[in-house]
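**Student:** Take a look at the following structure, please.
The values are calculated or read from the model by the stated rules, or taken from the named source; none is laboratory data. These numbers were taken from a predicted model, which means no experiment stands behind them. Note that we place each Cβ from the backbone using ideal geometry, even for glycine, and neighbour counts take in every protein chain shown.
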Ligand code: ADP
Ligand code: MG
């Protein structure tokens, strides 16, 4: 028996290990089993090159829990260790500046364990005492028994042991009793060891026989040593990919497509990615991709390794070349990792391109589900955009699909405005904007369906990418002005008349709303009143809503346009009736306003070229007075018109109809509208 001190500079590393690695205690099992796998694979390699010529035998790794003894044992039949090797690999931990490092990386268990090669010592997170019983494969070496109770002191002695290999025995500490539960351990093995390349046995197979569950005494292997991604695509069928998908995500729906990654230059990477079927936004989940390192599960947080937009995919990536034991920020700047990321992005684009080319019908059928991923990629990854613009599709309101190029051809003729800008009309809600869509279609325009949650962003990036093109929502203006093909003539209604009618309509507009009443000649068959919201204002508001810091536009109320079609007979009759009813009163106002305006004009003229201090005080006072008078008269006139508009059932009805066709008439206003409509229908 020999005693010694573990070679660490700090007095006692164990409390530190326990303290800082608290969050991820469970990874001790992964670390010990990885070591067992490494030892077993080393032996297989030695055998394959002829440096080991004995019988390999059964190489299964065994995990067992002894509840009454309070131990977990991990046994392998790998290379084992000699006493010298224990001294070298276990007792000497290069460990300088440990405390600072631990402080810095205290939230990154992987970094700490990897940095110091602390894999084996992670067992002390859950153990009071750890024993190693091991016998090297090398001929003539003695088996050794190493024991350490969590202080830097260890014992080592020679023991008798016939078979080659290593047993690691963990005496589980008081705080970690949960790991003595078979279900817990099995769960951890399933999580971390499911695809390890050496069979891992835990417990025995159970079988149902005559309505009873019986123990078959056969070791239960919990892992698949040849997971799908390690096999050659030519040997695999669609069913294999689907089965593997369901192994990974038992509750998920059939995936849309899969992509088998297989790279060996300039880095090693294998894996299978799936495009999941997404039914609702709730299904969108990042971090469903599992990252493996030589079939050892590492993490399901792959940000920085796969391109941002592909974190929405599902599947597995396995690469021995991704430096797993360093911090995330380092990872993101690592050039190898960057290469991996852009390679994956390229592979995904290639695969989509291939499906598009070989089976467009199928591609179109799946487009609605695929669109989110592709759009996300296009707006966040320049390179991906360049590839995707060849297969990305537009869908119009009639559910027809077009490539960007096809769509441009389709609308070029009819939807180019007088400034040679190509106008893409779109809707984000077929139901709510139905009347606008219909009007646009009647004019021979095509309307795109842009109801995806990322479409506002896509529109922005398309406008910067597609030459001389603009996207305009169908309800952002009257159809004549959506695509302006020639200079439009002024509305014939005199300005003064427009102001009067504006006041009449304002009198009937919903309270607390901000409408600008404007006038157009849209012909007798168009609607008498139409509500629009300018593309610009709406986008400003939408953007502000997404970014609360934008302030100004976000706090602005919706600003909408109420377009009055002065060529419509109903509007004409409103004008006539107003003249009939208020004509003499309005004339009275005008008779006062006109001379006042003339006087104001004259005063302004005489003082036009003078500096402020040269104007006599009397003139200044006179001007101020006459201006005040004009304002007062105008206000009174406006009030009269508004009052008239307020009680005008026809005006109110036309406004409500416009609101209704925008799905904006709600609550009390809607009830009143229904009531008023019934009254207006004469038997
Ligand atoms: P790492 O695995 O990163 O080298 P560990 O702390 O996990 O660091 O292990 C240290 C070393 O101890 C291993 O490199 C290996 O040489 C030796 N070792 C650990 N477990 C075993 C085992 N089961 N069989 C043989 N050697 C082992
Ligand atoms: Mg290790």
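**Student:** Select the strands (runs of 3 or more DSSP E) contained entirely in the range 203-277, then report the ones holding at least 1 residues which are outside the structural domain of residue 74 (by TED's automatic domain parsing), farther than 30 Å from residue 65 by Cβ and in contact with a strand residue (DSSP E or B) (Cβ under 8 Å, 6 or more places away or on another chain).
**Tutor:** Filter on the range 203-277 gives 257-263, 269-275.
**Student:** Let me ask you something else. Return the residues of the range 643-668 that are buried (at least 17 other Cβ atoms within 10 Å of the Cβ) and outside any helix (DSSP H, G or I); say none if nothing qualifies.
**Tutor:** 648, 662, 664, 665
**Student:** Between a first residue in the range 347-367 that is exposed (fewer than 14 other Cβ atoms within 10 Å of the Cβ) and a second residue that is part of a helix (DSSP H, G or I), which pairs have beta carbons less than 9 Å apart while being 6 or more apart in sequence or on different chains?
**Tutor:** 350/387; 357/363; 362/355
**Student:** With the checklist (1) part of a helix (DSSP H, G or I); (2) modelled with pLDDT under 90 in hand, flag the one item residue 609 doesn't pass.
**Tutor:** Among (1) part of a helix (DSSP H, G or I); (2) modelled with pLDDT under 90, the lone unmet condition for residue 609 is (1).
**Student:** Of the conditions (1) modelled with pLDDT under 75; (2) in a loop (DSSP other than H, G, I, E, B); (3) within 18 Å of the chain's Cα centre (by Cα), residue 282 satisfies every one except a single condition; which number is it?
**Tutor:** (2)
**Student:** Given (1) at pLDDT 90 or above; (2) in a helix (DSSP H, G or I), identify the lone condition not met by residue 391.
**Tutor:** It fails just one condition, (2).
**Student:** Now for a different question. Assuming residue 397 fulfils every condition listed in (1) in contact (Cβ under 8 Å) with a residue 40 or more places away in the chain; (2) surrounded by 19 or more Cβ atoms within 10 Å (Cβ to Cβ); (3) within 30 Å of residue 305 (Cβ to Cβ) apart from one, which condition is it?
**Tutor:** Against the list (1) in contact (Cβ under 8 Å) with a residue 40 or more places away in the chain; (2) surrounded by 19 or more Cβ atoms within 10 Å (Cβ to Cβ); (3) within 30 Å of residue 305 (Cβ to Cβ), residue 397 comes up short only on (3).
**Student:** Which one of these does residue 10 not meet: (1) assigned to a loop (DSSP other than H, G, I, E, B); (2) modelled with pLDDT under 90; (3) under 18 Å from residue 137 (Cβ atoms)?
**Tutor:** Here residue 10 meets the rest and fails (3).
**Student:** State which residue is farthest from ligand 1 (Cβ to nearest atom) when the search covers only the range 57-87 and only residues that are in contact with a helix residue (DSSP H, G or I) (Cβ under 6 Å, 6 or more places away or on another chain) and not in a strand (DSSP E or B).
**Tutor:** Going through the qualifying residues, I end up with 67.
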